[in-house]
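Okay, structure first, notes after.
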Amino acid sequence: MARMLMRGNEALAEAAIRAGCKAFFGYPITPQNEIPGYMAEHLPLRGGVFLQAESEVAAINMVYGAAGAGARVMTSSSSPGISLKQEGISYIAAGELPCVIVNVMRCGPGLGGIHPSQGDYFQAVKGGGHGDYRLIVLAPGSVQEMADLTMLAFELADKWRNPVMILADGTLGQMMEPVEFSAETKSEPVEKPWATTGAVNRKPNVINTLDIVPESLERVNHRLLAKYERIKEEEVRWQAVGVKDADLILVGYGTSARVARSAMEQARRDGLKVGLFRPISLFPFPEKQIRELAKAERQFLVVEMSGGQMVEDVRLAVDGRSPVHFTNRLGGMVPTPEEVLEKVESILEGRGN
Amino acid sequence: MRVVFEKPEAMTDSPMHYCPGCTHGVIHRLVAEAIDSLGIREQTIGVASVGCSVFAYDYFNVDMQQAAHGRAPAVATGIKRVLPDKMVFTYQGDGDLASIGMGEIVHAAARGENITVIFVNNAIYGMTSGQMAPTTLVGQKTATSPRGRSAAETGYPIRMCELLATLDGPSYLARVSSHDTKHIIQAGRAIKKAFEMQQQNKGFAMVEVLSTCSVNWGMTPAKSMEWLAENMIPYYPLGVYKDITAEEGK
């Protein structure tokens, strides 16, 4: 398939269908409406099911049912809607049901606004709902990655029997860029002997998250935690540009990383040794990779569209080895490369914050 | 030797946790008998809800999913939409279905979702130790209506069959009771019919089964059967509220 100009949300939806997504359940909310719109148009014609649910809560529970029945399934929403889904996400994580959940973040808190934000980082990477669990969280930085990471998300979901979240934002969802879909290759259907498909010639399968015997539930907790540790070892993804000689490394994901990249390129043209580190997997967080870059004579500047969320994980990774600075915009405002560059210059000139 | 009575194949050997005088066990058996008689055990996926029947996945010898509180119809929708040839049922209590899960049940019914719903109405939250339910009768004492349910403060109990009968989606809605043998036999027929509707792709079918909670009602098992008949049936009249096959036959 040739390169084509697509909106981020639509590229993501197309990629899901190509990845073998057989069911989509969702509820309308801006700025992700192009995803259900695309799914409603295309999925039923390509062998899948689209259903607009009566609520975000119902949508995520439909995902639970369909994932438990063995189907590749997806839902998408935006920040307030993702909050509503948290109960279901906790159950899905506990039931170890593979599925893909897309959050095209908008600004908050509360109803907030419909403009882009990265205010749901904590919710996405620290659990979000009740109990001890983790999602695999992938953060695309372009329309191409909206497609590529969505395809990867279905693979990882099945591989780990874990919900995978695509953490995008309103800018990435709405912007148009050229995108290319790698051949028509669809991943092979994965055997799911645990799925509830009817107990033919076997004992019944049960999808359950209840375990009222503490000794038994503790074993489940440890098993899940061990899985998350293996995910931390195997699934870290990141991009590092110009970090080797850098005096200052910009750290950002998604839209913030695009802005940081522009600021970095201008800084390099200006003769400043600035690099960019872009986490692509937010859980697992590229902690080791950032730690290896941290040293006394180097500084970090984290760029976010939040009040300061990922910066906490960067500080944990750096662990005091380098100064970590922070710059941000909020409320649906996107930082400009000029603002970031000005901050870079002030840090490097020793003017600090 | 001729077998005159045996456990349905669709039930497991697990001992049930239900209290003396509770009719969940009877209703489980009716569901299992319906599954056996239609020969659909290997095609059936059940959805357990939250409440006393939360462990239903231990008792039914079919594939089961356990749903979050009130969400069983949404979970069942997810299963049925990706496995349309399988038989999918939910088993829900009154708090689950008529309170926290009101949205899910109404919309599953409105969509005519081709599932079977077994709704067990005992007018109280049993699992959480006897709080007021959406179906608690006016005047009925519960842990959270200790002076009896006051209509002025908490309104009136909800009649689900009548409410859902206003929708075009359902194919079959019936209310039955589990307080004596005659009614249990009638309940069994209604439950089987609700599965047949799904088998024939007629769409959403629900059987509301009036049930008891002798422990939380504070009565002996025998007394609770009488209380059901004397108090619940007058407010929740038994009968068929919708049957599109009967209408088709007219």
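Along chain A, the exposed loop sites are GluC sites (Glu not before Pro) outside DSSP states H, G, I, E and B with at most 14 other Cβ atoms within 10 Å, and the longest stretch free of them is A:1-179. On the beta carbon distance between B:T181 and A:S55, with R0 = 56 Å, the FRET formula returns roughly 0.85. Compactness check for region B:90-190: Cα Rg over 2.2 N^0.38 Å is 1.14. The angle between the Cα long axis of helix A:337-348 and the main principal axis of chain A comes to about 60°, on a 0 to 90 degree scale. Sparsely packed loop sites in region A:230-259 (the trypsin sites (Lys or Arg not before Pro) outside DSSP H, G, I, E and B with at most 15 other Cβ atoms within 10 Å) comprise A:K244. Between helix A:79-94 and chain A there is an angle of about 60 degrees, using the helix long axis and the longest principal axis of the Cα atoms.
Among the trypsin sites (Lys or Arg not before Pro) in region A:262-348, those placed in a DSSP loop whose Cβ has at most 14 other Cβ atoms within 10 Å are A:K295. Ranked by how many other Cβ atoms sit within 10 Å of their own Cβ, fewest first, the residues A:E177, B:E230 fall in the order B:E230, A:E177. Annotation for A:Q239 and B:N231: the two label points, set 7 Å from Cα along the Cα-Cβ direction, are 6.7 nm apart. For chain A, the longest principal axis of the C-alpha atoms and the axis of helix A:214-234 are separated by about 50°. Compute log10 of I(q)/I(0) for region B:24-249 with the Debye formula, placing one identical point scatterer on every Cα and leaving out solvent, at q = 0.08, 0.09, 0.12 Å⁻¹, to two decimals. The calculated log intensity ratios at q = 0.08, 0.09, 0.12 Å⁻¹ are -0.25, -0.32, -0.58.
Counted over region A:4-234, the DSSP beta bridges are approximately 20% antiparallel.
Computed over chain A, the range of Cα coordinates on each principal axis works out to 71, 50, 39 Å, biggest value leading. Quick one: grab the alpha carbon gyration tensor of region A:102-165, order the square roots of its eigenvalues as a ≥ b ≥ c, and give me rounded if a/c is under 1.5, else prolate or oblate depending on whether a/b is larger than b/c. Taking the square roots of the gyration eigenvalues as a ≥ b ≥ c, region A:102-165 is oblate.
Here is the link list: A:K159/B:K202; A:K126/A:K159; A:K192/A:K227; A:K159/A:K288; A:K203/B:K80. Which ones come out longer than 26 Å on Cα distance? From A:K159/B:K202; A:K126/A:K159; A:K192/A:K227; A:K159/A:K288; A:K203/B:K80, over 26 Å: A:K159/B:K202. Quick check: from the Cα gyration tensor, does region A:29-121 come out rounded (a/c under 1.5), prolate or oblate? Verdict is oblate for region A:29-121.
Remark: the A:E177-A:S216 segment gains 9.0 nm on full extension, using 0.36 nm per residue and subtracting the alpha carbon distance.
For the protein assembly as shown, a/c is not less than 1.5, where a ≥ b ≥ c are the root eigenvalues of the C-alpha gyration tensor, and a/b tops b/c. That puts it in the prolate class. For B:K182, a cut-off of 21 angstrom between C-alpha atoms picks up these lysines, skipping any fewer than 8 places away in its own chain: B:K7, B:K192, B:K193, B:K223. For A:K273, a cut-off of 17 angstrom between C-alpha atoms picks up these lysines, skipping any fewer than 8 places away in its own chain: A:K244, A:K295, A:K343.
Per residue, the Cα convex hull of region A:58-204 amounts to 110 Å³. Label positions at B:N201 and B:V240, each projected 7 Å from the Cα along the C-beta direction, are separated by 2.3 nm.
Here region A:193-218 is scanned for amide nitrogen atoms under 17 Å from the site 7 Å beyond the Cα of A:D132 along Cα-to-Cβ, giving A:210-218.
Each Cα pair under 8 Å and six or more residues apart adds its sequence gap; the mean of these over the residue count of chain A is a relative contact order of 17 percent.
The simple spin-label model puts a point 7 Å past each Cα toward its Cβ; for A:D247 and B:T166 those points are separated by 7.2 nm.
Legend: ranking of residues A:M4, B:M127 from fewest to most surrounding C-beta atoms inside 10 Å; resulting order A:M4, B:M127. A DSSP coil position with no more than 11 other Cβ atoms inside 10 Å describes the following GluC sites (Glu not before Pro) in region B:1-109: B:E6.
No lab work stands behind these numbers, since they all come straight from the coordinates. Note that the coordinates shown come from a computational prediction; the quantities given were computed from them, not determined experimentally. Glycine gets a Cβ as well: all are built from the backbone with ideal geometry, and neighbour counts include every protein chain shown.
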